[in-house]
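Structure record follows, encoded as C-alpha cells.
The values are calculated or read from the model by the stated rules, or taken from the named source; none is laboratory data. Quick caveat, the model's predicted, so the values are computed rather than measured. Here Cβ is always computed from backbone atoms with ideal geometry, including for glycine, and neighbour counts include all displayed protein chains.
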Amino acid sequence: MPRRILIVEDEEALAKSFDEFITFMGYDVTVAANGYDALEKVIGGEFDLITMDIKMPRMGGLEATELIRFRYDISTPIIVISGYDDKYEKELRTLRVKHILHKPVDLTELKETIEKILGNDREEQEDVEPDS
C-alpha cells in the first residue's frame, strides 16, 4: 500500500501540480484547500506526511499545525511550503516542522525532501511478493 501524503494548499493550480507530481512519485495523495479542511482530513485519516502552506483562507497553516501538534497530539511529519522566507521559521521549529521549502518550489527539492523524510523504499515495497 502506498504511503499517504496530505497536501494543504489553497492555490488550486499549485495544489494540482503538487498532487500530480507526488502521485507520479508513487504516493497516495489527498488535497485540502485550507487548514480547517486539513484538520478534518488528519483527524479522519492517517497520513505519513503533510505538506502545509502558511497563508490560507479560513485557517492558516500555522494555526492548523499548532492544532495538529498540541490539541490532537499528531506527530505526522510536516513540510511547510511558504512564500514568506524565514518570517515564521522560529515558530515553525517549535511546532516540530520537519522542513521548510520556499515558493516557488523546486520540484526536485520537494522530491528529495519527501524521500529524505519517508525514506526511498517505495520500489522495494512494490517488488516484494506476499508470502504464500
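Quick notes on this structure:
- Residue list for region 43-87, restricted to those being aliphatic (A, V, I, L, M) and under 11 Å from the mean Cα position of the chain (by Cα): 49, 50, 52, 78, 79, 80, 81
- Taken together, the residues in region 95-121 that are closer than 18 Å to residue 32 by Cβ and not in a loop (DSSP other than H, G, I, E, B) amount to 3.
- Residues of region 79-94 classified as surrounded by fewer than 18 Cβ atoms within 10 Å (Cβ to Cβ) and either touching a residue at least 40 places away in the same chain (Cβ under 8 Å) or not in a helix (DSSP H, G or I) (or both), total: 5
- Considering residues of region 41-66 that are touching a Pro at 6+ places or on another chain (Cβ under 9 Å) and of a type in the set (A, V, I, L, M) only, the residue surrounded by the most Cβ atoms within 10 Å (Cβ to Cβ): 50
- Some residue of region 57-74 being touching a helix residue (DSSP H, G or I) at 6+ places or on another chain (Cβ under 7 Å), closer than 15 Å to residue 114 by Cα and either modelled with pLDDT of 95 or more or not in a helix (DSSP H, G or I) (or both): no
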